[in-house]
Amino acid sequence: MTQAICLQCGTQTVGAFIPCKECHFEPASEEARAKSILLSDHFIRGEGLKETARVIQSGGAVQFPEAALASVVEKLSRKRVSSPSGQRSRPRVAAGLACTALCFFLALIFFT
């Protein structure tokens, strides 16, 4: 399981994109999602994750390396465009449902 830190309040979360159980923050923009990934145990280990949480909880600002942030934003953008899930799959779901309905009605016509 991915351990992450809420970008807004510093609470530990399970998963970088999971809404925070304390402040209900959910990273929506690609930049916020990228920052949330950078605030996870994929990039920060052990005590570093706890220290980062303390910084956010005390009102401090976390400095994100520009190159790392840009790289993660780019990867998220590419994944969103090429991913078979999400909004881009909705037309396929609709087409699949239409085909299923058509097959059902043809079966009713031919077998009754």
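The values are calculated or read from the model by the stated rules, or taken from the named source; none is laboratory data. Note that the coordinates shown come from a computational prediction; the quantities given were computed from them, not determined experimentally. Every residue, glycine among them, receives a Cβ derived from its backbone with ideal geometry; neighbour counts consider all protein chains shown.
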query: From the residues in segment 7-19 that are part of a loop (DSSP other than H, G, I, E, B) and under 13 Å from the mean Cα position of the chain (by Cα), which one is surrounded by the most Cβ atoms within 10 Å (Cβ to Cβ)?
result: ALA16
- request: Name every residue in segment 23-43 that is surrounded by 14 or more Cβ atoms within 10 Å (Cβ to Cβ), part of a loop (DSSP other than H, G, I, E, B) and touching a residue at least 12 places away in the same chain (Cβ under 8 Å), in order of residue number.
  value: PHE25, PRO27, LEU39, ASP41, PHE43
field: Residue pairs meeting the criteria (Cβ under 7 Å; at least 6 apart or on separate chains; first under 11 Å from GLN8 (Cβ atoms), in segment 55-67; second modelled with pLDDT of 90 or more and small (Gly, Ala, Ser))
entry: ILE56/GLY10; GLN57/GLY10
message: Between GLU31, GLU47, GLU26, GLU22, which is under 19 Å from ALA67 (Cα atoms) and not aliphatic (A, V, I, L, M)?
response: GLU31
task: Answer with yes or no whether VAL72 is at pLDDT 90 or above, assigned to a helix (DSSP H, G or I), of a type in the set (Val, Ile, Thr) and crowded, with 16+ Cβ neighbours inside 10 Å.
output: yes
Residue check, VAL62 modelled with pLDDT of 70 or more, closer than 21 Å to SER29 by Cα and either hydroxyl-bearing (Ser, Thr, Tyr) or touching a Ser or Thr at 6+ places or on another chain (Cβ under 8 Å) (or both): yes
